[in-house]
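First comes the structure, then the notes that go with it.
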Amino acid sequence: FYIGFDPTADCLHVGHFIPMITMMYMQKYGHTPVFLLGGGTGFIGDPSGRTDMRSMMTKEVIDHNCACFKTQMERFIEFGEGKAMMVNNADWLMDLNYVELLREVGACFSVNNMLRAECFKQRMEREGGLTILELGYMLLQSYDFMVMARDFDVKIQFGGNDQWSNMLGGTELIRRKLGKDA
C-alpha cells in the first residue's frame, strides 16, 4: 500500500497524523508501506478541498521540504530492505512528455465524470473557476497509482476523502492500462 504526501511545507502537520499512524500499524501487522513524496505533484499544487490554489514553490523549496519529510517519517516508519520504501514521484513525473501523457492517460478520463467529483464542484463556484492544473492533478495522482501498482506491486492507496476521486481515477487507469484490479 502507499500514501502520498505533497511537500507543501517543511514539516509534517496534524493532517498527516492519521496517515502516518495508518502506515505504522499496517507495517506492524506485516504490510509494506510505500511513502510517496510528491516532489512532482508539488510543482503544480492542489488545494485539497480548499477553495484557493496553493502557491507555486521553487524546485529548491520542494526538494528541501521533501528532505524534511523524509527525516521526520524515519522516526515513525522503519525503512530498508524488506521494510518500508520511500519514493518520490518527481522520478517519473518530471520527465513525462505532455502530449504522451494526454494521449496515454488523459484519454482514459471523462471531463464530465471529473466535474461531478465533489472536490471540483466547489472549486468551479469560486472566483476564477477551476484551472487546468487542478484537473491535471487528478491525472497525475492517478498516474502515480498506476506506476506504484506496476513498479512496486502496490495494491492499495490510502488518502483523505478529498482524494477519493483521484484514487478512483487511479484504479480505473490501472484496470485500463495494466489489465488488473487495484
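Bear in mind that the values in this text are calculations on the coordinates, not laboratory data. Values in this document were obtained by computation on a predicted structure and should not be read as measured data. Counting neighbours? That spans all protein chains shown, and the Cβs are built from the backbone with ideal geometry, glycine included.
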Karplus (6.51, -1.76, 1.60) ³J(HN,Hα), θ = phi - 60°, over segment 144-161, in Hz, Gly and Pro reported as x: 3, 4, 5, 4, 5, 5, 6, 8, 10, 6, 6, 10, 9, 10, 9, x, x, 5
Residue by residue through segment 174-179, what is 3J(HN,Hα) from phi via Karplus (6.51 cos²θ - 1.76 cosθ + 1.60, θ = phi - 60°)? Round to whole Hz and write x for glycine and proline. 4, 4, 6, 8, 9, x
5 angstrom amide H check on N88, placed H, neighbours 5+ away: L37
Exposed-loop-free span, longest in the chain, where trypsin sites (Lys or Arg not before Pro) count as exposed if DSSP calls them loop and at most 16 other C-beta atoms lie within 10 Å: 1-49
Starting from the amide H of Q157, placed 1.01 Å from N in the peptide plane, find each other amide H under 5 Å away whose residue is 5 or more places distant or on another chain. Y2
Qualifying aspartates and glutamates (Cα of each under 18 Å from Cα of K180; at least 8 residues distant if same chain): E104, D144, D151, D153, E172
Starting from segment 1-31, pick out the chymotrypsin sites (Phe, Trp or Tyr not before Pro) whose DSSP state is loop and whose Cβ has at most 14 other Cβ atoms within 10 Å. Y29
Straight-line reach from K177: which lysines have a Cα under 27 Å away, not including same-chain ones fewer than 8 places off? K155
With a ≥ b ≥ c the root eigenvalues of the C-alpha gyration tensor of segment 5-47, is it rounded (a/c under 1.5), prolate (a/b larger than b/c) or oblate? prolate
Taking the Cα-to-Cβ direction at E118 and at D181 and moving 7 Å from each Cα, how far apart do the two end points lie in nm? 2.5
Which of the three applies to segment 41-182, rounded, prolate or oblate, going by the alpha-carbon gyration tensor with a ≥ b ≥ c and a/c under 1.5 meaning rounded? oblate
